[in-house]
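Okay, structure first, notes after.
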Amino acid sequence: MNRNKTIFFVLYIVLLPFLSGCRNAPVEIYISPSGADNNPGTLSQPLASIEKARNQIRELKRNGLHSDITVFLREGTYYLSHTFVLGLEDSAPEGFRITYRNYPGEQPVISSGVRVTGWERVDTDLPGLPDKATGKIWSADLPEGIQSFYTLYDGDLRIPRAVTEGFFPTREYEGNRAKKPEDLYNLHFPPGKLKNWYNLEDVEIVIQPSVAWTMNILPLESVDERNSIARTKIPSSYPLTRMKRVRFPEGIVWVENVFEGMDDPGCWLINTQQQKVYLWPENIDPGQNIMAPKLSTLIKVEGDSRINESEDVPVTGIHFSGLSFTQADRTSWDANESGIQHDWEVENKDNAMLRFKGAEYCSVEACHFYNAGGNAIRLDYHAQHIEIKNSYFHDLGASAVMMLGYGPGTKDVNKYNKVVNNHIHDCGTIWWHSQMITAWQSGENLIAHNYIHNVPRKAVCITGVRPPFFSPDREKTRECSRSIRFDETGTASTLDELAPYLHSRNNIVEFNHIHNALEKMGDGAAINVSGAGLGNIIRFNYVHDIQNPEVNSSIRIDNAQNGTLINHNIVFRSPNAGIAPKGDNVVRNNFLIDVSSGTGKGMIQALGNFGNSDIVKNVFVSTGEKDNFYSFIKDAKPPEVYQMMTDNRVDSNLYFSLSNPDFRENKILMDLQIHGFDNNSVYVDPLFENQEEQRFKLKGDSPALALGIEQINIMSKVGLTDDFPQHF
């Protein structure tokens, strides 16, 4: 009997019970880095690759198997040379599950890293290299099969790419809309800051173009050193000019991947002309663990997402548990891509380690996503009933979880997903504008019990497409307009007319613990809703220590947003506005404490400017002598204040300043009440039991309770629950 027949015979004997009638008994398949793909896949004789396990499952299904199937990955690292794809033929049998998970007590790792070997010290002059780096640079050939990459790893750490000192464009701010096409391509720079490098195709600029809420990474096409004008290969999101307000005095433009940026140990660059990578190692030499990523997406679950048809065909019943994902690359932009709001991300792109596109009833549980250049998880187009829970995300170049549906139109199929009980921190390390959890054109989702901290931008972003992008002059722009299905939306242009096509509706964001968000970029809020659909609820969240003074608020309802309820949240110790309720929304029964301290900003920002908000039964407690409870009171004259109050329902709130009981806001409140506004509100100490220990419980005799304000008993409930994996 030859070897192939022997393997078939062993496999047949192992599977005989299932093929002869016991087809509902669970099946277990085992793989190990030390296994072999000609093994039968048993515990004692495991396979070597997940591809072989997938193919074995396909064969079982073709033979009529109907049962739960578990693929156990043993300890070790599984290096992928191509994206592992699970398609329609890999769906679980109806009513059953196919699970790829860790063997109990073990931690398997999935990576696309390829070891970089053959390092040699560079003993020749390198153009632009700082003197202090001379003799300390090493080089190696790119690994076989890899033409280029944007990230590099030393074991479990991502090595920063060589970057120059920052500078400002020499063109001053002229607004955030391009007056002519070249405004999005031409960067005017100070003499000497950019050069016509001989390997210009490898050079990128990182820039905040005109605005505080977006970052672009743009490849260069040409550099005119004489006239100090550079041109990018693809358009930026906004004009390449100086920002209106600048938080970073060192500049808003950096150059990456040039020798001039190799200024300290622990940086690298790539030269694709030479097919070499250069490294200034932290230690004496590079060592044996320098890894280059081959893929940006490690695993993809992909059904049939029919962009131009009414129905999709999803993959179903695929589950991942106890796996680690690492060493995946970031991607670059293409000129023809379609962006979401403010180009924070683009549609339909393989730039997440784990991607669901056209999938239902799947899950990710107790998984670990770390040290990668792009996103961790994307749920694209048709994605329903997918649960992401009990997982750990950190040190990522972009976002943790993105739910990105179809652009505005009748096709509403990205919904009913859950992002629950995850720990997310130190992500967005490359793309600073990344939101940690995003729902764009995605509704009916639950985002709950997540612990999110130390991130450069928003923690949670619910967003869609604002009305101006439906106008003809924006139809071809990358931001939002390319995604719109104009044949379905017709001539709709107002927010009410567009509501049926804006699918980020009825999302619930609750019991999340968020602090130290927006550490890098301005504008926005820790929890932000904008241009989305109706019925979103932001409740029972604890948001604190949002310390960036350029941030608008901790919880924000931004432009083109109605029908949002913000209630039973606690916002604490943040020197910006607490809540910004633009539009027709409700702010009810929230505690805002030690917010806008010393900045003069209002605890409630932009009230009355954009609609009819209900602001009722909230507790506002300030500590700074310059605090304002409402931002408009700072500068507006009484007639303007009265008009703003007329446009909104503001009543039954409690105001108090701990630093000054005779705070001037009390006098304004008295004046408002004389004129018939804010009639049932009071200025008095709310009597918290222990504010210093962040136990915001009202005493039994609190005047807030007499106003009908309810206790917010969330401090023991927010954030991670007890079933979060302890080994994380």
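The values are calculated or read from the model by the stated rules, or taken from the named source; none is laboratory data. Since the structure is predicted, the reported quantities are computational estimates derived from the model, not experimental observations. Glycine gets a Cβ as well: all are built from the backbone with ideal geometry, and neighbour counts include every protein chain shown. The protein model used for the area step is the full one, side chains on, heavy atoms only, and it has no ligands, DNA or RNA in it. Shrake-Rupley method; radii C 1.70, N 1.55, O 1.52, S 1.80 Å.
Just a few scattered comments:
- Within region 530-550, considering residues that are touching an Asp or Glu at 6+ places or on another chain (Cβ under 7 Å) and open to solvent by less than 20 Å² (accessible area, probe 1.4 Å), the one modelled with the lowest pLDDT: Asn548
- Pair list, Cβ < 7 Å and 6+ apart or interchain, from region 280-294 residues that are charged (D, E, K, R) to residues that are modelled with pLDDT of 95 or more: Glu282/Pro265; Glu282/Gly266; Asp285/Trp119; Asp285/Trp138; Lys294/Ser81; Lys294/Ser112; Lys294/Val114; Lys294/Ile146
- Strands (runs of 3 or more DSSP E) completely within region 618-709 that count 3 or more residues being at pLDDT 80 or above, open to solvent by less than 50 Å² (accessible area, probe 1.4 Å) and on the phi > 0 side of the Ramachandran plot: none
- Being free of Cβ contacts under 8 Å to residues at least 40 places away in the same chain, more than 15 Å from Asn590 (Cα to Cα) and aliphatic (A, V, I, L, M) holds for only one residue in Leu518, Leu534, and it is Leu534.
- The condition of being of a type in the set (Ser, Thr, Tyr), in a strand (DSSP E or B) and either modelled with pLDDT of 95 or more or under 30 Å from Arg695 (Cβ atoms) (or both) holds for only one of Ser597, Ser554, that being Ser554.
- Residue within region 196-213 that is out of contact with any helix residue (DSSP H, G or I) (no Cβ under 7 Å at 6 or more places or on another chain), among the acidic types (Asp, Glu) and either without any contact (Cβ under 8 Å) to a residue 12 or more places away in the chain or part of a loop (DSSP other than H, G, I, E, B) (or both) present: no
- Just one of (1) buried (at least 17 other Cβ atoms within 10 Å of the Cβ); (2) in contact with a helix residue (DSSP H, G or I) (Cβ under 9 Å, 6 or more places away or on another chain) fails for Ser305. It is (2).
- Residue in region 185-195 that is open to solvent by less than 50 Å² (accessible area, probe 1.4 Å), within 25 Å of the chain's Cα centre (by Cα) and closer than 16 Å to Val255 by Cβ present: no
- Residue selected from region 172-184 under the condition open to solvent by 50 Å² or more (accessible area, probe 1.4 Å) and not in a loop (DSSP other than H, G, I, E, B), by the criterion modelled with the highest pLDDT: Glu182
- Just one of the listed residues (Pro314, Pro265) is of a type outside the set (A, V, I, L, M, F, W, C), surrounded by fewer than 19 Cβ atoms within 10 Å (Cβ to Cβ) and either more than 29 Å from Ser236 (Cβ to Cβ) or free of Cβ contacts under 8 Å to residues at least 40 places away in the same chain (or both), namely Pro265.
- Residues located in region 144-162, provided they are closer than 20 Å to Gly118 by Cα, assigned to a loop (DSSP other than H, G, I, E, B) and aliphatic (A, V, I, L, M): Ile146
- Scanning region 303-325 for residues that are more than 19 Å from Ser391 (Cα to Cα) and in contact with a Leu (Cβ under 7 Å, 6 or more places away or on another chain) turns up Gly303, Asp304, Val313, Val315.
- Any hit, region 444-451, residues being aliphatic (A, V, I, L, M) and in contact with a helix residue (DSSP H, G or I) (Cβ under 7 Å, 6 or more places away or on another chain): no
- Test result for Val114, in a strand (DSSP E or B), out of contact with any Pro (no Cβ under 7 Å at 6 or more places or on another chain) and among the β-branched types (Val, Ile, Thr): no
- Checking Pro265 against (1) in contact with a Leu (Cβ under 9 Å, 6 or more places away or on another chain); (2) over 29 Å from Arg478 (Cβ atoms), the condition it does not meet: (1)
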